[in-house]
Amino acid sequence: DAGITQSPRHKVTETGTPVTLRCHQTENHRYMYWYRQDPGHGLRLIHYSYGVKDTDKGEVSDGYSVSRSKTEDFLLTLESATSSQTSVYFCAIRAAGGAEQYFGPGTRLTVT
Amino acid sequence: AQTVTQSQPEMSVQEAETVTLSCTYDTSESNYYLFWYKQPPSRQMILVIRQEAYKQQNATENRFSVNFQKAAKSFSLKISDSQLGDTAMYFCAFMKPRPQGGSEKLVFGKGTKLTVNP
């Protein structure tokens, strides 16, 4: 257990509404990541952070924004949710100097 | 860009037997990491094993071992004495270290669904 929690764990929302997913870690790791998992695609990186206020885009960042105002929290925002953003979202952390990423329990998001 | 290919969408094995999951990757880098992650029905992503490209010795973790063939860009996972709890999706992943700034990123294959039958 790498001390990672995600909230909410499940959410159903309507097209066009804003949604924010939260990732919280308790071990002050520098690096944090957001992935989405879809059938037939594996996990794909959305955004990542390498420190407070330091973020960058991954391969599927369109329609998503992130913020990291403190070490322990990394927020993923869908400004205007679309049905194509129905997915399972995973947060991950990596310790500075380490290679492994450890994942949170995931959030299942359904956009109707 | 790096790509990771898992050519076996589904596999099954009898309890107590051995099974090998395949993974190939494409990169021009010489220094990198490879991982296998397990995702049981609970959906949790669990790190199974990791391999550093500069190490010739294959990594081993209890019943899990890898066959790392750097020249062939192959990284297979062998599960010995399969147990019912090994039933899961297995993902192969690649990471290229970055010397400074930014962050390393994991590139995943699409996964192999393994079923262990009693």
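Some notes on this structure:
- One residue from B:Gln2, B:Gln57, B:Gln44 being over 23 Å from B:Asp86 (Cα atoms) and free of Cβ contacts under 8 Å to residues at least 24 places away in the same chain: B:Gln57
- Taking strands (runs of 3 or more DSSP E) as the structural unit, those lying wholly within segment B:67-118 and holding at least 1 residues that are of a type in the set (Gly, Ala, Ser) correspond to B:74-79, B:88-95.
- Strands (runs of 3 or more DSSP E) contained in segment A:1-70 and holding at least 1 residues touching a residue at least 60 places away in the same chain (Cβ under 8 Å): A:4-7, A:10-13, A:19-25, A:31-38
- Residue in segment A:73-81 that is within 14 Å of another protein chain (Cβ to nearest Cβ) and open to solvent by 40 Å² or more (accessible area, probe 1.4 Å) present: no
- The condition of being modelled with pLDDT of 95 or more and either loosely packed, with under 15 Cβ neighbours inside 10 Å or of a type outside the set (Ser, Thr, Tyr) (or both) holds for only one of B:Glu17, B:Glu29, B:Glu104, that being B:Glu17.
- B:Pro41 meets each of the listed conditions (1) outside any strand (DSSP E or B); (2) away from chain A (no Cβ under 14 Å) apart from (2).
- Qualifying residue in segment A:89-106 (condition: at negative phi, more than 10 Å from every other protein chain (Cβ to nearest Cβ) and touching a Ser or Thr at 6+ places or on another chain (Cβ under 7 Å)): yes
Okay, residues lined up against (1) farther than 25 Å from B:Val4 by Cβ; (2) touching a Lys or Arg at 6+ places or on another chain (Cβ under 6 Å); (3) at pLDDT below 95:
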{"residue": "A:Gln25", "(1), (2), (3)": "yes, no, no"}
{"residue": "A:Leu43", "(1), (2), (3)": "no, no, yes"}
{"residue": "A:Glu59", "(1), (2), (3)": "no, yes, yes"}
{"residue": "A:Gly63", "(1), (2), (3)": "no, no, no"}
{"residue": "A:Glu79", "(1), (2), (3)": "yes, no, yes"}
{"residue": "A:Thr86", "(1), (2), (3)": "no, no, no"}
{"residue": "A:Gly98", "(1), (2), (3)": "no, no, yes"}
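- Against the numbered list (1) over 15 Å from A:Leu109 (Cβ atoms); (2) touching a strand residue (DSSP E or B) at 6+ places or on another chain (Cβ under 9 Å); (3) open to solvent by 60 Å² or more (accessible area, probe 1.4 Å), A:Lys70 comes up short only at (2).
- Scanning segment A:82-112 for residues that are open to solvent by 50 Å² or more (accessible area, probe 1.4 Å) and assigned to a helix (DSSP H, G or I) gives A:Ser83, A:Ser84.
- Residue in segment A:38-50 that is farthest from B:Met45 (Cα to Cα), counting only those that are more than 11 Å from the chain's Cα centre (by Cα) and open to solvent by 10 Å² or more (accessible area, probe 1.4 Å): A:Tyr50
- Taking (1) open to solvent by 10 Å² or more (accessible area, probe 1.4 Å); (2) within 25 Å of A:Thr5 (Cα to Cα) in turn, B:Tyr37 satisfies each apart from (1).
- Scanning segment A:51-66 for residues that are more than 12 Å from chain B (Cβ to nearest Cβ), within 16 Å of A:Ile93 (Cβ to Cβ) and buried (at least 16 other Cβ atoms within 10 Å of the Cβ) turns up just one, A:Val66.
The values are calculated or read from the model by the stated rules, or taken from the named source; none is laboratory data. Predicted model, so just to flag it, every value in this text is computed and none were measured. Cβ sites come from the backbone with ideal geometry, for glycine too, and all protein chains shown count toward neighbours. In case anyone asks, the SASA skips ligands and DNA or RNA and just uses the protein heavy atoms, side chains included. Shrake-Rupley method; radii C 1.70, N 1.55, O 1.52, S 1.80 Å.
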